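Note sheet for the following structure.
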Amino acid sequence: MNWLRIPTSVKQFTRQIVYVPKHKPPNHEDFEVLKDFLSKHKNILILTGAGISTESGIPDYRSEEVGLYARSNHKPIQYQEFVKYPKVRQRYWARNFVGWPRFSAVQPNATHLAIRELEKMGKVTSIVTQNVDRLHQKAGSENVIELHGSGYIVKCLKCPYEISREELQVQLLKNNSYMESNFTMIRPDGDVELPREQVDKFRSPLCPKCEGPLKPDIVFFGDNVPKQRVDQVRSAVSSSDAVFVLGSSLTVYSSYRIILQARDEHKNIALLNIGPTRADDIIQIKVSTKCGDILPELCNSLKKNLS
């Protein structure tokens, strides 16, 4: 099997799965409220979460009935466990290795493309994303701050060595050519469920410089967002005149504090997300519907007004 390609059977299976939770279609009032918000502001910071990638076939963690927690008893990898225990790293890398062809093949959807259009119109000055899937960059977006890092970069925990995830996949294949692809669900960080016998045989990657353990450049649960990135986000919020949240419940504090800062700086805040969020009681505008059902039409309407 060519591990640099996604098997057709997996593509077909993915198209049959629905990761977007139940929702009501947008109404006229929703459209007009968000159109007015976007029309008024010229320096909008967009904050995106896993809810915008569900439309591309990547599940989120918390959505009712369709999120990863609702579909399985999966617990995300903990930073301290990854650092301390070789067996935990072995399990993570085995799953990530098998899931990578599928994860890296995912393409941006209408929401990512609409955000790019807002950039082109000069409405959006920066995008802060909690996602590690690089779908914003695939859509052409330029000023993207990856709050929780990226699954496309791998770093050594003991020295400055780093390697692209694509290059590492080739090396992992050489050492683990026996591995089989047989899974039903990709996870938000790109790993999949595997039988124990496959995990136990897997040869984990080590740094070629110091033989230290390698870790994807992702902020795992229990880890902290690097201070330099926190400061970068804080500056981006201050430079904006409004914040637009797309597809995030804001449960994780690293994203919620962006809203707290925006509120304290008296920025206008709009939130487009299916279901409740942590910030519902402190924001001005909340629309509960699927991002892809309303954002592209909003872009088209703004374009007509500008032409």
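General remarks:
- Looking only at residues in the range 194-229 that are touching a Leu at 6+ places or on another chain (Cβ under 9 Å) and of a type in the set (A, V, I, L, M, F, W, C), the one that is nearest to Ile77 (Cα to Cα) is Val219.
- Test: Val88 is touching a strand residue (DSSP E or B) at 6+ places or on another chain (Cβ under 9 Å), among the β-branched types (Val, Ile, Thr) and within 25 Å of Gln198 (Cα to Cα): yes
- All of (1) crowded, with 16+ Cβ neighbours inside 10 Å; (2) over 28 Å from Thr289 (Cα atoms); (3) of a type outside the set (A, V, I, L, M); (4) over 20 Å from the mean Cα position of the chain (by Cα) hold for Ser240 with one exception: (2).
- Checklist (1) in contact with a Lys or Arg (Cβ under 7 Å, 6 or more places away or on another chain); (2) touching a residue at least 60 places away in the same chain (Cβ under 8 Å); (3) not hydroxyl-bearing (Ser, Thr, Tyr) applied to His136, failing item: (1)
- Considering residues of the range 34-46 that are of a type outside the set (Ser, Thr, Tyr) and surrounded by fewer than 16 Cβ atoms within 10 Å (Cβ to Cβ) only, the residue nearest to Cys299 (Cα to Cα): Asp36
- Test: residue in the range 86-102 that is surrounded by fewer than 21 Cβ atoms within 10 Å (Cβ to Cβ), under 19 Å from the mean Cα position of the chain (by Cα) and at pLDDT below 95: yes
- For the range 257-292, filtered to residues that are within 13 Å of Leu34 (Cα to Cα), in contact (Cβ under 8 Å) with a residue 24 or more places away in the chain and not aliphatic (A, V, I, L, M), the residue that is surrounded by the most Cβ atoms within 10 Å (Cβ to Cβ) is Cys291.
- Taking the range 4-77 and the helices (runs of 4 or more DSSP H) fully enclosed by it, the elements with 3 or more residues that are at pLDDT 70 or above are at 28-40.
- Listed by position, the strands (runs of 3 or more DSSP E) enclosed by the range 237-307 that each have at least 3 residues that are modelled with pLDDT of 95 or more and more than 21 Å from Glu146 (Cβ to Cβ) are 268-272, 285-287.
The values are calculated or read from the model by the stated rules, or taken from the named source; none is laboratory data. Bear in mind that the values here come from a model prediction, so they are computed numbers and not experimental data. A quick note on method: Cβ atoms are made from the backbone with ideal geometry, for glycine too, and the neighbour counts reach across all protein chains shown.
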